[in-house]
2 protein chains.
Amino acid sequence: MQFNKVLENVTTYEAGKPIELVVREYGVKPESVIKLASNENPYGTSPKVTAKIQELAKNMFVYPDDSMYELKEALANKFEVESSNVIIGSGSDQILEFCVHAKCEKDSKILMAKTTFAMYEIYGKQTGATIIKTEDDQHNLEQFSKLYKEHGADVIFLCLPNNPLGECVDKDDVYAFLETIDSNTLVVVDGAYQEYASFKDEKKRIVAKDLITKFPNTIYLGTFSKAYALGGMRVGYGIAQANIIKTLYKLRAPFNITTLTLAAAIEALKDEEFVNECIAKNFEEMTRYEEYAKSKGFEYIPSYTNFITIKFADKFVSKEVAQKLLERGVIVRDLTGYGQNAIRITIGRNEQNTKVFEQLDEVLENLK
Amino acid sequence: MQFNKVLENVTTYEAGKPIELVVREYGVKPESVIKLASNENPYGTSPKVTAKIQELAKNMFVYPDDSMYELKEALANKFEVESSNVIIGSGSDQILEFCVHAKCEKDSKILMAKTTFAMYEIYGKQTGATIIKTEDDQHNLEQFSKLYKEHGADVIFLCLPNNPLGECVDKDDVYAFLETIDSNTLVVVDGAYQEYASFKDEKKRIVAKDLITKFPNTIYLGTFSKAYALGGMRVGYGIAQANIIKTLYKLRAPFNITTLTLAAAIEALKDEEFVNECIAKNFEEMTRYEEYAKSKGFEYIPSYTNFITIKFADKFVSKEVAQKLLERGVIVRDLTGYGQNAIRITIGRNEQNTKVFEQLDEVLENLK
């Protein structure tokens, strides 16, 4: 069977390892596994959201409200835009996919940072588009500008803050860059971790309404998978001018969000207090990782997210460290696949982090 | 902003109207709404599945197991195939989408029945492919053969039984047709309602393993949205040779199924007794619709599904009938958009159907 030639170059995304796998392969008890590889909110979902889902669980047989009326209204209200400026996806991932497929064909070009969210490239390759990357790993807007002048681009991805490295460009610099971009280039501002970045440093805050008003060729993406603690429920959103949203809708399959997911997202938006408490704890705990890295002489990337990237330079091989931790029931993300001798650890709860340091101490001692 | 030209021809799918809309627009109390427009299992989800989801609801913050190990194993076991023969999608819809996008480009051709599931055409148009349809509304394999000989096709869709009309081609006729199809044409056998068809008439039964072994260019699609009563949870599957599955995986976004959905599907497969009871009741209740149609002098299409299509000929206008029912809180599907002066009604529970007949009596009386 022959398939579209463009698919020959498409690789599949390797997700963070699930708890079930560690249980199956290394015989670790499920309750002992510490999963800090996928940047979930380690404090769990808001108890109010859980209660709502328990109440609604008997409704699983009914197709979701495909208009997503309530959730769209709630998001429009939060972001002070109209419902027609909102699209909801199965994670913000799905909106990325729509953006790429709406704009790109075989002769298209996509511009992104060298080391950024892997799906940008995978979706790009599905269309056969050429991927253009900066030389620096972290976002360097001068390099973005240089490459844009040289090649142009149909789509530009800005990950603010950036996954998997954690750095974040200032809003003013982003706006100055956007001033130079053609109105026919779609700029995707991926704000999956914006709640964290804007909590830590006001200079990083991107306000969706302001962004899309000043730059009608941009789309702001947000997610419920991180700070809102619904990673398992698959829901994110895009905020853009209505003409963009309307086109992206043509690529959306009906019922792309489950009945319980819609309910969970609506409920989660009502409990912002929970979200803010989780973010505050995140940055308290992050200082422990920074101190741990310093104490071992490892470099780390100052992070505006709920994870931290620790570099091993020539001291250790990140792949080995991650594997040894895995065998002990601690799941972290090895960044070898991203060209980094580093691991990315989600900032866990206090007691989880304590265990990570203990296990990491032993693993590093054994690998010496 | 310019987008891909192919999108200009893409229309968006109009889903069955949700209960929320009837409540908002016509002030009907939610508990009084009878939703028989989307072919859900009206008996609700198995209580065992609901209990499981209530137990697991606190896990919503954890990303799903993206390998879907357990559900794949369960499906492989049910269909007596290997895990490598199974792909899981957000409804079988999503597998349709993968099939079309994996095979089709602008110069591709897709062959289908004149009146069949609307998403076949929508996904096709997203790629710019030419859609070729038979002259007859219902599946007519002679016409399929004639058109195939004349034009060829990259993808053929067979909906067995067919949504939205309800008819079903015999397995032997399907096999005879497949013998004549080139090995490079992907034939999608959409079995969304197969549980119903094979319960009613053994001649309609398609056994996935047998199908893909005899015809390695086919893919069998199944869903949890109908008989398995998980329409709200978005999960379906494809069974095909491993080379096809592997390619379709290149189009799958990570985490396309929610954590709770995976758990619900695994649990639903354990409660086949519930499913069989629901199917038996479906056909008992269907006879009431057949008798009702006969008593009014309406033609209906003998159905192998959980819905029935009732034609109004020159007696009534289906759009008006559906609208008047809607205002009374009874949601059915008007088939005007499918070129039929007919309504499609999901077979509800006994008491729901009684109410439908009462309301329909009044609506028809008023429209006379």
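Counting neighbouring beta carbons within 10 Å and listing from fewest to most, the residues A:Phe312, A:Phe144 come out as A:Phe312, A:Phe144. Relative contact order for chain B: 23 percent, from Cα pairs under 8 Å spaced at least 6 residues apart, divided by residue count. In this structure, the amide hydrogen of A:Gly91, modeled 1.01 Å from its nitrogen in the peptide plane, lies closer than 5 angstrom to those of A:Val235, A:Gly236, counting only residues at least 5 positions away or on a different chain. Shortest first, A:Lys149 label-point distances to identical copies amount to 6.4 nm, with the label point at 7 Å from Cα along Cα→Cβ.
The amide H of B:Val187, built 1.01 Å from its N in the peptide plane, has B:Ile156, B:Thr218, B:Ile219 as neighbours under 5 Å, considering only residues 5 or more places off or on other chains.
When region A:47-271 is described by a simple charge dipole with +1 on each Lys and Arg Cβ and -1 on each Asp and Glu Cβ, the residue from A:Ala268, A:Gly124, A:Met60 located farthest towards its positive end is A:Met60. The mean number of partner chain beta-carbon atoms within 10 angstrom of a residue's beta-carbon across peptide A:45-51 is 3. Between copies, how close do the B:Glu358 label points come, placed 7 Å along Cα→Cβ, listed in nm from shortest? Ordered by increasing distance: 6.5 nm.
Applied to region A:116-121, the Karplus parametrisation 6.51 cos²θ - 1.76 cosθ + 1.60 on θ = phi - 60° returns per-residue 3J(HN,Hα) values of 8, 4, 4, 5, 4, 6 Hz, with x for Gly and Pro. Near the amide H of A:Lys35, under 5 Å away, which other amide H atoms are found, from residues 5 or more places off or on another chain, if H is placed in the peptide plane? Those qualifying (amide H under 5 Å, at least 5 residues apart or on another chain) are A:Ile331. Sorted shortest first, the distances from the B:Ser84 label point to those of the same residue in the other copies are 5.2 nm; each point sits 7 Å from Cα along Cα-to-Cβ. Excluding A:Ile244 itself, calculate the net charge of residues whose Cβ lies under 14 Å from the Cβ of A:Ile244, where each Lys or Arg counts +1 and each Asp or Glu counts -1. Residues near A:Ile244 contribute +2 overall.
Bridges between two residues of the protein assembly as shown, per DSSP, are antiparallel at a rate of about 55%. When only alpha carbons are used to place a centre, region A:297-323 and region A:84-109 end up 32 Å from one another. Calculated on the alpha-carbon coordinates, the convex hull of region B:165-217 measures out at 82 cubic angstrom per residue. What fraction, in whole percent, of alpha-carbon pairs in chain A exceed 34 Å separation? Here the tail beyond 34 Å accounts for 27 percent of pairs. For peptide B:2-14, the mean count of partner chain Cβ atoms within 10 Å of a residue's Cβ comes to 5. Phi-derived couplings, Karplus 6.51 cos²θ - 1.76 cosθ + 1.60 at θ = phi - 60°, listed residue by residue for region B:293-308: 4, 4, 4, 9, x, 9, 7, 9, 8, x, 10, 10, 10, 10, 9, 9 Hz, with x used for Gly and Pro.
For the protein assembly as shown, adding -39500 (n - 2.57) for each run of n ≥ 4 DSSP H residues and dividing by the number of residues yields -13000 deg cm²/dmol at 222 nm. Out of all DSSP beta bridges with both ends in region A:47-271, state the antiparallel percent to the nearest 5. Taking every DSSP beta bridge within region A:47-271, about 40 percent pair in antiparallel fashion. Couplings 3J(HN,Hα) of region B:176-192, computed from phi: 4, 5, 4, 4, 8, 9, 4, 5, 9, 8, 7, 9, 9, 9, 8, x, 3 Hz, in residue order, whole Hz [Karplus 6.51 cos²θ - 1.76 cosθ + 1.60, θ = phi - 60°; x for Gly and Pro].
Candidate cross-link partners of B:Lys296 among the aspartates and glutamates, defined by an alpha-carbon separation under 12 Å and a same-chain spacing of 8 or more, comprise B:Asp361, B:Glu365.
For A:Cys278, A:Cys99, the sequence from fewest to most other C-beta atoms within 10 Å is A:Cys278, A:Cys99. What the pair-distance distribution of the protein assembly as shown shows, using all Cα-Cα distances binned every 10 Å from zero, is 3, 14, 24, 26, 19, 10, 4, 1, 0 percent.
Of the three principal axes defined by the Cα atoms of region B:255-304, the extents in descending order read 49, 25, 13 Å.
Number of Lys-Lys pairs in region B:49-198 with C-alpha atoms under 15 Å apart and a separation of 8 or more places or on different chains: 11.
Ranking of A:Ile131, B:Ile308 by neighbouring Cβ atoms within 10 Å, starting from the fewest: A:Ile131, B:Ile308. Chain B versus the axis that turns it onto chain A: the residue with the nearest Cβ and the distance in whole Å amount to B:Gln54, 2.
Any read-out appearing in this document is the output of simple, stated calculations on the displayed coordinates, not a laboratory observation. Not measured: the values here are computed from a predicted model. Note that each Cβ is placed from the backbone with ideal geometry, even for glycine, and that neighbours are counted across all protein chains shown.
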